[in-house]
Amino acid sequence: KYSEKDNFIYINSDKNQGISAARNKAVKSASGEYLIFVDSDDYIQSSLLCDIEEYVIQGVDLIKWNALITEENYNYLKNDLDLAGSYPELVKFDICNGSEAFNNLFGKDNLLSCVWCYAIKKKIFERFPEGRYHEDYAKMILMILKAKTAVSIGKYEYNYVMSNNSIMRNKSIEKMEKKMVDILFNFDNLIEKIDKLKIDQFTRENAYMYAMYSLVVVENDLCHSLKKIFHKELRKRKVYKYIAVRNFKSFIKKILFFIKY
């Protein structure tokens, strides 16, 4: 009924082919200059479009905000996906280039890779790999680094509704194995893309560490037998070489990773 009332609303009722296919198809159909993604159970704050309007007018390539997590009954839980931890720093910065934006977010914003925390100019959009888990992880960083201009408004504009049946929380053996295979695929693809980017060495090191640290998230979800396979794959890739040594603490971490992988 909404599409009948407003001609700017387009409904696609194709067979369900997964979230990545749906996003890619939506982008192909989109006629506007900017893209904002909202997953089916989630919703945005009514203030979002007003809060980013000035940056849209200026033509900023990438506009960042943060998210609140709610239960299905809409009770707020945390302002970040780090459910077991404390409230993280809310990162805010003025207009800068993509490398500066990534370095500002890396290590501070746990929602760095979540596509629904951005307004993205269509010209810098990267197609998502279809039929794979963690599709945001390997692509969002590339969009950030491609941006000529980016800004973080430092506001909570998105509501992530946590469902007990969430695709990312299902821990069957088959799905754990698929997640493992997909994250390794995304890791290999991302490393290859980072190698080709024209970015400074500091940003490149951060990008490598981002790719490597993201593996840890998946490892925590794996059963013991799959962890053994996962660790073998990490050793083959020599992931320790992607850890930049910038202080004594990180040097110790690198030694520990070298021993393990």
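The values are calculated or read from the model by the stated rules, or taken from the named source; none is laboratory data. Just so you know, these numbers come straight off a predicted model, no measurement behind them. Cβ placement follows ideal geometry from the backbone for every residue including glycine, while neighbour counts extend to all protein chains displayed.
May I ask you to list the residues in segment 130-140 that are buried (at least 18 other Cβ atoms within 10 Å of the Cβ), in contact (Cβ under 8 Å) with a residue 24 or more places away in the chain and touching a helix residue (DSSP H, G or I) at 6+ places or on another chain (Cβ under 6 Å)? Walk me through it before giving the result.
Applying the first criterion (buried (at least 18 other Cβ atoms within 10 Å of the Cβ)) to segment 130-140 yields 132-140.
Adding the requirement that they be in contact (Cβ under 8 Å) with a residue 24 or more places away in the chain leaves 132-135, 137-140.
Within segment 130-140, 132, 133, 134, 135, 137, 138, 140 qualify.
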Test: residue in segment 179-194 that is of a type in the set (Asp, Glu), in a helix (DSSP H, G or I), surrounded by fewer than 18 Cβ atoms within 10 Å (Cβ to Cβ) and modelled with pLDDT of 85 or more: yes
Kindly check whether there is at least one residue in segment 157-178 that is in a helix (DSSP H, G or I), surrounded by 18 or more Cβ atoms within 10 Å (Cβ to Cβ) and not aromatic (Phe, Trp, Tyr). yes
